[in-house]
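Inspection log for the structure reproduced underneath, given as structure tokens.
The values are calculated or read from the model by the stated rules, or taken from the named source; none is laboratory data. Small disclaimer: the values here were computed from a predicted structure and weren't measured. Here Cβ is always computed from backbone atoms with ideal geometry, including for glycine, and neighbour counts include all displayed protein chains.
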Amino acid sequence: MVRYRGPLSQSYIERDELVVSPSYTRGYPFVMDHGRGSEVWDVDGHRYLDFSSGVAVTATGHCHPDVVEAIQTQAERFLHMSGTDFYYPIQIELAEYLSRIAPTREPARGFFTNSGAEAIEAAIKLALYVTRRPYFIAFYGGFHGRTLGALAFTASKVVQRRHFTPTVPSVTHVPYPDPFRPLFAGLSSDEGEAVVRYLRDVVFAKKVCPDEVAGVLVEPIQGEGGYIVPPASFLPGLRQLCDEFGILLILDEVQSGMGRTGRWFAVDHENVQPDILAVAKGIASGMPLGVMLAPRSLMTWESGAHASTFGGNPISCAAGLATLRLLEGGMIANAAKMGAFLQERLRAMMPGHPTIGDVRGRGLMIGVEFVRNRRSKQRAPGLRNQIVQEAFHRGLLLLGAGPNTLRFVPPLNVTCEHIEEALMIFETALSAVEAGHAV
């Protein structure tokens, strides 16, 4: 059944256009009314499957009863007391939980923020504070936030940087290893090793002295850049290179962390230990919360060096603690199982749909890249965008990633039945677009 925006949705959209910033990136006219688990309803009563999870945020699904109860219980006690200046148990308990699961070399301390961008800002500042070095390395295709410091590291889309220069001037970008589109195919059979070698032999030899580099900031799986999973050699190679020159390895797990890939963190698949870790999005099931984690021996900045009035809000911390317990209680395992099932089914579609160039991902962080020709790998961004719209009209919420990739990021407790329903809608939408019959 094809659905269009209803009159109440249309009314809200018209009101929104008068009073809300036009910089937001609304891809289609969905106006949320309520949600439960993997299902959402708009204000006109239409039901949709949400395979966007609010941009990989609602890890436990919409309105999980345990999370709602934790929020309500904390709201009855107190709403705010600023963890910057005071103590409260729920923040300490959440920090203890995160310290236990953090993949850092030593037990971690946490700096609480409101968002992923703020967690990245904190990571940058800590690296500068500890190393007293001025330079950083980041990667093309990376997205680390839109605040001015984080924006210096972001190199995902031109529109995100246009008219916002100068940013922090001390960031050098290098290629991110993409097995589907290798840049160094003629030089090495392993794209991950080739990028690390390029960093050593070209960047460190000709542009930036490695003993002046504070940190390398990298996503273990690129999110906004196109859901790119690097070769297994890449992160261990970076770790070794950073150790050699005393550089801090800073991982952005804002989108890939908190069980999304079928393990606590995407870096756990490579058994690599970062120096600094930034997390957010799925950590509190929709409440605003981010955390920068670093070993106790590294997070030694003095009182007042960095702080946040609202970071680690008690209600967000309560939601975060409930979320972590649910993830460890079975949702991470479900993400691994359902992710393998979803990827298998998507790959099975490839012979009948030549526009699918690649299916990749880990757990329930899955990207489908669309091409005009599978041999030439010519990108097909218009096709991808049409599929997103067509899927929406048929009752499935999806989001793009990178220029021509579609992401599947359902809640981590998604069921096999909901995946089957989503795949049916997706393939119907894909067939309609390929045949030129899209609504």
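Counting only strands (runs of 3 or more DSSP E) that sit completely within segment 192-303, zero hold 2 or more residues that are without any contact (Cβ under 8 Å) to a residue 24 or more places away in the chain, of a type in the set (S, T, N, Q) and surrounded by fewer than 24 Cβ atoms within 10 Å (Cβ to Cβ).
What number of residues within segment 47-56 satisfy the criterion of being surrounded by fewer than 22 Cβ atoms within 10 Å (Cβ to Cβ) and under 22 Å from Tyr24 (Cα atoms)?
Count: 2.
Within segment 130-153, the set of residues being within 18 Å of Thr405 (Cα to Cα) and at pLDDT below 90 comprises Phe143 only. Among the residues of segment 110-138, those that are within 19 Å of the chain's Cα centre (by Cα) and farther than 21 Å from Ser303 by Cβ comprise Ser115, Gly116, Ala117, Ile120, Ala138. Taken over segment 31-48, the criterion of being more than 20 Å from the chain's Cα centre (by Cα) and closer than 18 Å to Leu364 by Cα is satisfied by Glu39 alone. Report yes if Leu342 is touching a residue at least 40 places away in the same chain (Cβ under 8 Å) and surrounded by fewer than 21 Cβ atoms within 10 Å (Cβ to Cβ), otherwise no. Spelling it out, it is not the case that Leu342 is touching a residue at least 40 places away in the same chain (Cβ under 8 Å) and surrounded by fewer than 21 Cβ atoms within 10 Å (Cβ to Cβ). Would you mind finding the one in Asp44, Asp16, Asp66, Asp33 that is among the acidic types (Asp, Glu), assigned to a strand (DSSP E or B) and either touching a Cys at 6+ places or on another chain (Cβ under 7 Å) or surrounded by 13 or more Cβ atoms within 10 Å (Cβ to Cβ) (or both)? Matching residue, one of Asp44, Asp16, Asp66, Asp33: Asp33.
Exactly one residue among Gly395, Gly400, Gly382 is surrounded by fewer than 20 Cβ atoms within 10 Å (Cβ to Cβ), touching a helix residue (DSSP H, G or I) at 6+ places or on another chain (Cβ under 7 Å) and of a type in the set (Gly, Ala, Ser), and that residue is Gly395. Cβ-Cβ distances below 7 Å connect the following pairs, each with a first residue in segment 366-387 that is free of Cβ contacts under 8 Å to residues at least 12 places away in the same chain, a second residue that is buried (at least 19 other Cβ atoms within 10 Å of the Cβ), and a separation of six or more residues or different chains: Gln378/Val371.
Here is a yes/no grid of residues against (1) assigned by TED's automatic domain parsing to the domain that holds Trp264; (2) more than 26 Å from Thr405 (Cα to Cα):
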position	(1), (2)
Glu17	no, yes
Pro29	no, no
Ser38	no, no
Ser82	yes, yes
Tyr87	yes, yes
Gln91	yes, yes
Ile101	yes, yes
Asn114	yes, yes
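For (1) in contact with a strand residue (DSSP E or B) (Cβ under 8 Å, 6 or more places away or on another chain); (2) polar (S, T, N, Q), each residue gets a yes or a no:
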| residue | (1), (2) |
| --- | --- |
| Val19 | no, no |
| Val31 | yes, no |
| His34 | yes, no |
| Val43 | yes, no |
| Arg47 | yes, no |
| Thr58 | yes, yes |
| His62 | yes, no |
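In segment 9-26, is there at least one residue being closer than 16 Å to Leu396 by Cα and either more than 20 Å from the chain's Cα centre (by Cα) or not aliphatic (A, V, I, L, M) (or both)? Yes: segment 9-26 contains one or more residues that are closer than 16 Å to Leu396 by Cα and either more than 20 Å from the chain's Cα centre (by Cα) or not aliphatic (A, V, I, L, M) (or both). Determine if segment 308-328 includes at least one residue that is among the basic types (Lys, Arg), more than 19 Å from the chain's Cα centre (by Cα) and crowded, with 18+ Cβ neighbours inside 10 Å. Among the residues of segment 308-328, not one is among the basic types (Lys, Arg), more than 19 Å from the chain's Cα centre (by Cα) and crowded, with 18+ Cβ neighbours inside 10 Å, which makes the answer no. From the list Glu121, Glu96, which one is in the same structural domain as Ile247 (by TED's automatic domain parsing) and out of contact with any Ser or Thr (no Cβ under 9 Å at 6 or more places or on another chain)? Answer to the selection: Glu96.
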